2 protein chains.
Amino acid sequence: MPCLRPGPRLGVVTGSPASIDLPAAVRSAEARARPHLLTTPVVPAAGLSAELGSPVVLKCENLQHTGSFKARGALSKLLSLDAGELDRGVITASTGNHGAAVAYAGTIVGVEPVVVVPEGANPSKLAAIERLGGRVEVLGTDSVESEIGARRLAQEGSLTFVSPYNDLAVIGGQGTLGLELLEQVRDLAAVFVAVGGGGLASGVAGIIKAVAPRTAIIGCSPAASAVMYHSLRAGHVLELPSEPTLSDGTAGGVEQGAITFGILEALLDDFVTVEEDDIRRAFLDLIEVEHQLVEGSAAMAYSAARAHATRVSGTTAVILCGGNVGTQNLRGILA
Amino acid sequence: MPCLRPGPRLGVVTGSPASIDLPAAVRSAEARARPHLLTTPVVPAAGLSAELGSPVVLKCENLQHTGSFKARGALSKLLSLDAGELDRGVITASTGNHGAAVAYAGTIVGVEPVVVVPEGANPSKLAAIERLGGRVEVLGTDSVESEIGARRLAQEGSLTFVSPYNDLAVIGGQGTLGLELLEQVRDLAAVFVAVGGGGLASGVAGIIKAVAPRTAIIGCSPAASAVMYHSLRAGHVLELPSEPTLSDGTAGGVEQGAITFGILEALLDDFVTVEEDDIRRAFLDLIEVEHQLVEGSAAMAYSAARAHATRVSGTTAVILCGGNVGTQNLRGILA
């Protein structure tokens, strides 16, 4: 499990990229979205705490509306739009948690978002998006093609395209989770957070580094798909292939010019990668010992904490970023 | 899904059996055990609320220490013992949540409880009991024989036998969950609670009926093993066979002379039974829609609420009484 910044000294990164006021973005998102968000519970990780001999807690964002943190960013974004923008409509491209979150946020602001998905997308996920209030449109044969299609539709119809992570209002929304953590956990030494596009990690680091700079923020990605990790090592966003991973919520590429790149470069104390076998073991331990049903990306963060939390002293928080595993996936992982 | 007291009027039972001061038992358990208990979260049941068109919340007792409400009763009981009793030791008989809870409570009061189990008990459950601090002793070939053995050892060695439900200190401990619910949920119209021996339902009804008598307490059991249900219909404790059920945590017989019988007779507003197919469907919906990993008894309560919660107006709470499903069981249920 390699690290970007190996070594025992954590909690020392305090910089932030010029021209982005992340704490302000988080606080304004908090003001907009709080009435529609759940303050998700923090519970002790009995098994991992005993194993490591130091306190580990789980931030149960798997119990957020729509089953993932994505509801925070989507709500923050849609609530930031003015009446004219809402009238023209919103659109996104995602078969997963972001699509469901935008659909949900749409019901709050009174619009029916268009959620573009590729041909052959999982019908149960599409049903969830529709149940939450989204209108599914099928465009393209994979996620890249459907995002291109969604952006084209947005431009043609003057709709607002809702990015899953490359948008300060979205990142600010994800950061509201960090505000909650600061209130819920005293002596917060480290936070392990899954990184895909980096929206959650950017928001959480953005507020926690401003309020409690000695708290270490440790990003983690599956070794099989760690585009942001390798991009940060290289110093610029790379285009890299991804292997299949149990942490499908964080898989895939990073947009060129993504604002999350500079934020994570400035604010992450460390960044570790996790092997598939370790994710699978964490997934099973979360069921057997911690009684938590999570998706692979959350198990990945738990596994990262297992390998690295002993490097800090104080309480370690693992963000269980989502619980949309589904029974079909679950069967596969348990088999 | 038959009811004991069918009809739309709920929340009207206010009696309590003579000579048992349940509110006092709950409050003294609360005073003893609170420092060692988690206040478990209450979260909206998004799926069931939408389906029923009325608010349903989930009391996530699956996230309690040891993964079930049994920690409450075991802690209350062990913390009620004096130094001499603790010196002589405690013993119980259970391969399940009660055994794990007594083991855990033992670590709090500084004793190593003996947990008697039958031959051939699930090794992973025994490992959990030992991990939590219990000493496993194998006696007998089934749970009846191992309880007889445990009671004999208790008598011979002057140990305290910890009953899973037929003990006012244990019932008082389970009732601390009801105190939490009253603080966490305004406008609490009904509570659906799984009934096996009836300890949880007795404690919860005991305190809620005293503080908020119009809140309906609805017991539920699997149709395949509903000994308390049939006993209440008959007016006395019956000896009945049980069929296998997904709600294994509530399965089995009721002790002759159990104090829970009279309590539930006086305090339950209704009592419903649930078929296996409905429990299985609830279990899958809890995973897919509510993102909750629970054991069968909790899914059973969710299913009961699905069928009967529309009979009340206001917020319905479903107690997710435990989450110790285990990956092996989970594979079986998903198959």
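The values are calculated or read from the model by the stated rules, or taken from the named source; none is laboratory data. In this text the structure is predicted, and so the values were computed from the model without any measurement. Reconstructed Cβ throughout: ideal geometry from the backbone, glycine too, with neighbour counts over all protein chains shown.
Does A:ALA121 qualify as being in contact with a helix residue (DSSP H, G or I) (Cβ under 7 Å, 6 or more places away or on another chain) and among the aliphatic types (A, V, I, L, M)? No. Filtered by the rule that a residue be assigned to a strand (DSSP E or B) and of a type in the set (Phe, Trp, Tyr), the stretch B:158-182 gives a lone residue, B:PHE161. Taken together, the residues in the stretch A:229-279 that are touching a helix residue (DSSP H, G or I) at 6+ places or on another chain (Cβ under 6 Å) and of a type in the set (Lys, Arg) amount to 0. Regarding A:SER76, is this residue of a type outside the set (A, V, I, L, M), outside the structural domain of A:LEU182 (by TED's automatic domain parsing), touching a Gly at 6+ places or on another chain (Cβ under 7 Å) and closer than 30 Å to A:GLU265 by Cα? Against the criterion (of a type outside the set (A, V, I, L, M), outside the structural domain of A:LEU182 (by TED's automatic domain parsing), touching a Gly at 6+ places or on another chain (Cβ under 7 Å) and closer than 30 Å to A:GLU265 by Cα), A:SER76 qualifies.
Within the set A:LEU132, A:LEU153, the sole residue that is over 17 Å from the mean Cα position of the chain (by Cα) and surrounded by fewer than 23 Cβ atoms within 10 Å (Cβ to Cβ) turns out to be A:LEU153.
Table: residues versus (1) within 14 Å of chain B (Cβ to nearest Cβ); (2) at negative phi; (3) under 15 Å from the mean Cα position of the chain (by Cα); (4) in contact (Cβ under 8 Å) with a residue 40 or more places away in the chain.
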site	(1), (2), (3), (4)
A:THR245	no, yes, no, yes
A:GLY314	no, no, no, yes
A:GLY323	yes, yes, yes, yes
A:GLN328	yes, yes, no, yes
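Among the criteria (1) out of contact with any Phe, Trp or Tyr (no Cβ under 9 Å at 6 or more places or on another chain); (2) away from every other protein chain (no Cβ under 14 Å), the one B:HIS291 does not fulfil is (2). Summed over the stretch A:106-115, the residues that are without any contact (Cβ under 8 Å) to a residue 40 or more places away in the chain and not in a loop (DSSP other than H, G, I, E, B) give a count of 4.
Within the stretch A:250-279, being farther than 26 Å from A:ARG306 by Cα and polar (S, T, N, Q) holds for one residue alone: A:GLN256.
What residue, among those in the stretch B:43-57 that are within 9 Å of chain A (Cβ to nearest Cβ) and among the hydrophobic types (A, V, I, L, M, F, W, C), is nearest to A:LEU58 (Cα to Cα)?
To start, the set of residues in the stretch B:43-57 that are within 9 Å of chain A (Cβ to nearest Cβ) comprises B:43-44, B:46-47, B:50.
Of the ones still in play, those that are also among the hydrophobic types (A, V, I, L, M, F, W, C) are B:43, B:46, B:50.
Numbers: B:VAL43: 16, B:ALA46: 22, B:ALA50: 28 Å.
That would be B:VAL43.
Within the stretch A:211-246, being over 25 Å from A:ARG306 (Cβ atoms), of a type in the set (A, V, I, L, M) and in a loop (DSSP other than H, G, I, E, B) holds for A:VAL237, A:LEU238, A:LEU240.
Per-residue answers, yes or no, for (1) surrounded by fewer than 22 Cβ atoms within 10 Å (Cβ to Cβ); (2) modelled with pLDDT of 90 or more:
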| residue | (1), (2) |
| --- | --- |
| B:ALA266 | yes, yes |
| B:VAL272 | no, yes |
| B:ARG281 | yes, yes |
| B:ALA299 | no, yes |
| B:ARG311 | yes, no |
| B:ALA317 | no, yes |
| B:GLY323 | no, yes |
| B:ASN329 | yes, no |
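Apart from one condition, B:ARG280 fits all of (1) away from chain A (no Cβ under 14 Å); (2) closer than 30 Å to A:ALA101 by Cβ; the exception is (1). Identification of helices (runs of 4 or more DSSP H) wholly contained in the stretch A:21-94 with 1 or more residues that are under 18 Å from the mean Cα position of the chain (by Cα) yields A:22-33, A:70-79. Considering the conditions (1) within 14 Å of chain A (Cβ to nearest Cβ); (2) within 30 Å of A:TYR104 (Cβ to Cβ); (3) crowded, with 17+ Cβ neighbours inside 10 Å, B:ALA305 is excluded by exactly one of them, (1). All conditions but one from (1) assigned to a loop (DSSP other than H, G, I, E, B); (2) within 27 Å of B:GLU145 (Cβ to Cβ); (3) over 15 Å from the mean Cα position of the chain (by Cα) apply to B:GLY332; the one that does not is (1).
For the stretch A:141-150, which residues satisfy the criterion of being surrounded by fewer than 22 Cβ atoms within 10 Å (Cβ to Cβ) and either at pLDDT 90 or above or in a helix (DSSP H, G or I) (or both)?
Just the residues of the stretch A:141-150 that are surrounded by fewer than 22 Cβ atoms within 10 Å (Cβ to Cβ), to begin with: A:141-145, A:147-149.
Passing the criteria: A:SER143, A:VAL144, A:GLU145, A:GLU147, A:ILE148, A:GLY149.
Restricting attention to the stretch A:103-129 and to residues that are modelled with pLDDT under 95 and loosely packed, with under 15 Cβ neighbours inside 10 Å, the residue that is nearest to B:ILE287 (Cα to Cα) turns out to be A:SER124. Per this entry, B:ALA335 is counted among residues that are within 11 Å of chain A (Cβ to nearest Cβ) and more than 26 Å from B:THR66 (Cβ to Cβ). For the residues B:ALA210, B:ALA201, B:ALA194, the requirement of being touching a residue at least 24 places away in the same chain (Cβ under 8 Å) and more than 30 Å from B:PRO241 (Cβ to Cβ) singles out B:ALA210. Applying a threshold of 8 Å to beta carbon distances and a minimum spacing of six or more residues, or different chains, the list of pairs starting in the stretch A:72-101 at a residue that is among the acidic types (Asp, Glu) and ending at one that is surrounded by 18 or more Cβ atoms within 10 Å (Cβ to Cβ) reads A:GLU85/A:THR160. Candidates B:VAL318, B:VAL294, B:VAL312: the one that is over 21 Å from B:ALA189 (Cα atoms) and of a type outside the set (Asp, Glu) is B:VAL294.
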